[in-house]
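Here's the structure we're looking at; comments come further down.
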Amino acid sequence: MSRSDLLARHREVMPGWMSLYYEEPVEIVSGRGRHVTDADGNTYLDFFAGILTNAVGYDIPEISDAIRARVDSGVLHTSTLYLIRQQVELAERIAELSGMSRPKVFFTNSGTEANETALMLATQRRRSNQVLALRNSYHGRAFATVGITGNRSWSASALSPVKVSYVHGGYRYRSPFRNLSDADYVRACVEDLREVIETTTAGDVACMIVEPIQGVGGFATPPDGLFGAFAEVLDEYGILLVSDEVQTGWGRTGEHFWGIQAHGVVPSAMTFAKGLANGMAIGGLVAEAELMDCLTANSLSTFGGNPVSTAAATATLEYLLDHDLQGNAARLGARLLAGLRTHAEGSALVGDVRGKGLMIGVELVRPGSAEPAPEAAGRVLELARQRGLLVGKGGLHGNVLRLAPPMTLTEEEAAEALAVLTDVLTTAEKELRA
Ligand code: PMP
């Protein structure tokens, strides 16, 4: 059956709001290392799914073996009402890595559910349905999480049960504080935070939720220390801090294991998902016991913490720790960032290059202005694909390239991707000017 057939069937039977990349969407059928192959036999270097699902790459024997052992046992899952050894082991490992004083861990199937749980805990603990979030945030697709998502193209419903107030501190490039120094930017955002608490919330806010680097929002990267400065204000009001580590966890940012660590603060809860089980569905949160245990009623997830996902997650965690993939992300990320910044100096298409480790955003603008150039981002995606490189795009205006390869990336692959990207950026810029 042809790809166009499959696409037509997708369009017929699946909702129109499930957007797909590329004029001719790609169907991935196999993968190895950092490469994937599509149904037509084309092979691509994957510079996107590393953050979505495949944190450490494709076809990793240690992870496949852990999954296979569950398959061979004949029991993929029974019930979370029974003891699950793999779940307890993973929870202990994440608790150890959390840096919290008395951590407890709960597993879900997705980042959305993880954040929903964090919101349920914080609102319950503080007896308030008020939440602070960053402008340009994304925290999930369910009723409460979509309601605290500060990006109109992803805010599918405005009828959320949570009352949200947005503050500055996420998307600096398109904020009124863009040209301030880091120190002045932090001061301006802290002032904004205090003003929002005082003027729009009546003070009794349950929590503030932040992405250490905004993912869907275009890898918008705040200066180090910003959320530590926020935490001092939050503490005055007793407001809890939740770090959404769905994209920034597990060492991807290179310098730290959790993205929030760049801010010198340990939050009350951290949520995670995406790449933790290298492609198996998992999500969850680690929180201080006092917060985690504030629910007095039962709360279970049928598949959250199932033996397959948790075994795959432990194998992934051990793999990335054993191979110092955080160090690899720091080294190769710095090279990519430097290479792209050098290209940006001679380019009128690239307005901003930002990020940390293997989480790099390239914001495209119309030459001679700061106006977003989403069509150029789309064109770069197509051109890169023709050259065997898959990259992501995102941001409020859809004009930011998102680079997030598996953390096992090699030097050669980084150099190859950089060469392709600078080439296709040059071509896209010429086309845009023509
Ligand atoms: N938080 C962040 C920061 C995310 O990037 C995402 C997914 N893009 C989510 C939450 C939601 O995760 P999921 O799609 O697994 O529900």
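The values are calculated or read from the model by the stated rules, or taken from the named source; none is laboratory data. As the structure is a prediction and not an experimental result, all values here were calculated from the model. Please note: Cβ atoms are built from the backbone with ideal geometry, for glycine as well, and neighbour counts cover all protein chains shown.
Annotations for the structure displayed:
- Matching entry among T117, T112 (being within 22 Å of the chain's Cα centre (by Cα), surrounded by fewer than 24 Cβ atoms within 10 Å (Cβ to Cβ), in a helix (DSSP H, G or I) and within 15 Å of the ligand (Cβ to nearest atom)): T112
- Any hit, segment 346-365, residues being touching a residue at least 40 places away in the same chain (Cβ under 8 Å), over 20 Å from the mean Cα position of the chain (by Cα) and more than 30 Å from T149 (Cα to Cα): yes
- Members of segment 120-141 that are over 16 Å from the mean Cα position of the chain (by Cα) and either modelled with pLDDT under 95 or not basic (K, R) (or both): M120, L121, A122, T123, Q124, S128, N129, Q130, V131, L132
- Out of F219, F230, F143, sole residue that is within 16 Å of the ligand (Cβ to nearest atom), surrounded by 20 or more Cβ atoms within 10 Å (Cβ to Cβ) and hydrophobic (A, V, I, L, M, F, W, C): F219
- Matching residues, segment 146-163, being more than 19 Å from S19 (Cβ to Cβ) and either more than 16 Å from the ligand (Cβ to nearest atom) or in contact with a helix residue (DSSP H, G or I) (Cβ under 6 Å, 6 or more places away or on another chain) (or both): A158, L159, S160, P161, V162, K163
- Index of the failed condition, R3 passing every other in (1) in contact (Cβ under 8 Å) with a residue 24 or more places away in the chain; (2) within 16 Å of the ligand (Cβ to nearest atom); (3) surrounded by fewer than 18 Cβ atoms within 10 Å (Cβ to Cβ): (2)
- Test for Y82: is it over 30 Å from Y166 (Cβ atoms) and under 24 Å from the mean Cα position of the chain (by Cα): no
- Beta carbons closer than 8 Å, at least 6 apart along the sequence or on distinct chains, pair a first residue in segment 195-212 that is on the phi > 0 side of the Ramachandran plot with a second that is surrounded by fewer than 24 Cβ atoms within 10 Å (Cβ to Cβ) for A202/Q130; G203/I197; G203/Y237.
- Options T253, T248; residue that is under 11 Å from P212 (Cα atoms), within 16 Å of the ligand (Cβ to nearest atom) and in contact with a Lys or Arg (Cβ under 8 Å, 6 or more places away or on another chain): T253
- Among (1) over 26 Å from H168 (Cβ atoms); (2) within 16 Å of the ligand (Cβ to nearest atom); (3) surrounded by 23 or more Cβ atoms within 10 Å (Cβ to Cβ); (4) not β-branched (V, I, T), the one test that Y138 misses: (1)
- Screening segment 120-135 for residues that are more than 12 Å from the ligand (Cβ to nearest atom) and crowded, with 24+ Cβ neighbours inside 10 Å and picking the one that is nearest to V88 (Cα to Cα) gives L121.
- Check on G33, in contact (Cβ under 8 Å) with a residue 60 or more places away in the chain and among the small types (G, A, S): yes
- Evaluation of F257 against (1) assigned to a helix (DSSP H, G or I); (2) touching a Gly at 6+ places or on another chain (Cβ under 9 Å); (3) crowded, with 18+ Cβ neighbours inside 10 Å (one fails), failing number: (1)
- Checking each residue in segment 270-290 for being more than 13 Å from the ligand (Cβ to nearest atom) and surrounded by 24 or more Cβ atoms within 10 Å (Cβ to Cβ) picks out N278, V286, A287.
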